[in-house]
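Before any comments, here is the structure.
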Amino acid sequence: MTKEELEARFPDFVGQAFGPPETGPDAVNEPMIRHWCETMGDANPIYTDPNAAKSSRHGKLVAPPTMMQAWTMAGFPMSAGYDEPRDKQEELHKLFNECGYTGVVATDCRQEYTRYLEPGDTVTAHATIESISEEKATALGIGYFVETRTRFTDQNDIEVGSMVFRVLKFKPAQQPQRPASSDGAPPKPGRIRAPRSFDNGWWWDAVDKGHLLIQKCKECGVLRHPPRPMCHGCHSLEWEGVPSSGQGSVNSWVVLHHPPIPGYDLPIAIAVIDLEEGTRIVANIVDCPLDEIHIDMKVECSIEEVEEGYMLPVFRRID
Ligand SMILES: [Zn+2]
């Protein structure tokens, strides 16, 4: 199917409902609210403590607004699998897949809440395909942004909130080709490269220059790794990268024998290293007989080009 033929099909989808409205399998209920709050670390007592809720402006327990969509989601077994489209959105995704736009990534989600949900409410989702963009060139590859809008209603058919969700369906960009070996064998696949983002690119840039850094909170001094924007101790967003000595010891390790993974020579030792500064890093242990690796084994970091153009910290035994 050509691009023009694909785009000619879009009007069959834009403005269409996914299918019939979907009512959540369970009414809003206290156990699910408690599990959500525990998982999300939300300690607001108006969600879980009846006494605190009574003296709040709600006068009773309410559900966290961000649970809105969760009340309408199908369980895992019902949401697994893509072979036969069960609704208009899946039909659209299947069409994209058939045309080579096999990648999918969620790009943004906006939710609005009209009222707090409370135990006993039942929630129904009414989802429609709102728009499909022109073909766009993105860093991931060329593709189309598909925007869907979901209206959430309660048992009285009154709207309680809405959500706009956007995904990019894209043709994955070609990976750089590796040269064939001199004997004409097909190019050897490379290792899986760590993704670099706004939040961790600085750490990898330092590795490229041969430095092992640790992220340190500028407010409370707590160290953290892998890099991330916020301190888990004090929630500060201020941080700096401080040099590590590279000295450490094995906290735990595994040796991977199977399954084979393209780009890796097995068996390979993967360890959690306690760095002497007080944080941990996951890395390979090299040049050590695999049956001699043990907990508390002293190791030292070396940053090496493990394949052309890919610098990685690895650890060697020093005791
Ligand atoms: Zn902190």
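Observations on the model:
- Against the numbered list (1) assigned to a loop (DSSP other than H, G, I, E, B); (2) closer than 26 Å to SER197 by Cβ, LEU266 comes up short only at (2).
- Tally of residues being without any contact (Cβ under 8 Å) to a residue 12 or more places away in the chain and either under 21 Å from GLY100 (Cβ atoms) or in a helix (DSSP H, G or I) (or both) across region 8-34: 4
- Only a single criterion out of (1) in contact with a strand residue (DSSP E or B) (Cβ under 9 Å, 6 or more places away or on another chain); (2) modelled with pLDDT of 95 or more; (3) within 16 Å of the ligand (Cβ to nearest atom) is not satisfied by VAL286, namely (3).
- Residue check: ILE33 meets all listed conditions (1) under 27 Å from ASP121 (Cβ atoms); (2) assigned by TED's automatic domain parsing to the domain that holds PHE145 but one, namely (2).
- For region 208-262, filtered to residues that are within 29 Å of MET297 (Cβ to Cβ), within 16 Å of the ligand (Cβ to nearest atom) and outside any loop (DSSP other than H, G, I, E, B), the residue that is nearest to the chain's Cα centre (by Cα) is ARG224.
- Matching residues in region 146-172 - criterion: being β-branched (Val, Ile, Thr) and over 25 Å from the mean Cα position of the chain (by Cα): THR153, ILE158, VAL160
- Hey, ASP108 within 30 Å of TYR47 (Cα to Cα) and surrounded by fewer than 15 Cβ atoms within 10 Å (Cβ to Cβ) or not: yes
- Residues that are touching a Lys or Arg at 6+ places or on another chain (Cβ under 7 Å) number at least 3 in the following strands (runs of 3 or more DSSP E) confined to region 51-167: 103-113, 124-132, 141-153.
- Residues that are exposed (fewer than 12 other Cβ atoms within 10 Å of the Cβ) and in the same structural domain as HIS126 (by TED's automatic domain parsing) do not occur anywhere in region 44-58.
The values are calculated or read from the model by the stated rules, or taken from the named source; none is laboratory data. Since the structure is predicted, the reported quantities are computational estimates derived from the model, not experimental observations. A quick note on method: Cβ atoms are made from the backbone with ideal geometry, for glycine too, and the neighbour counts reach across all protein chains shown.
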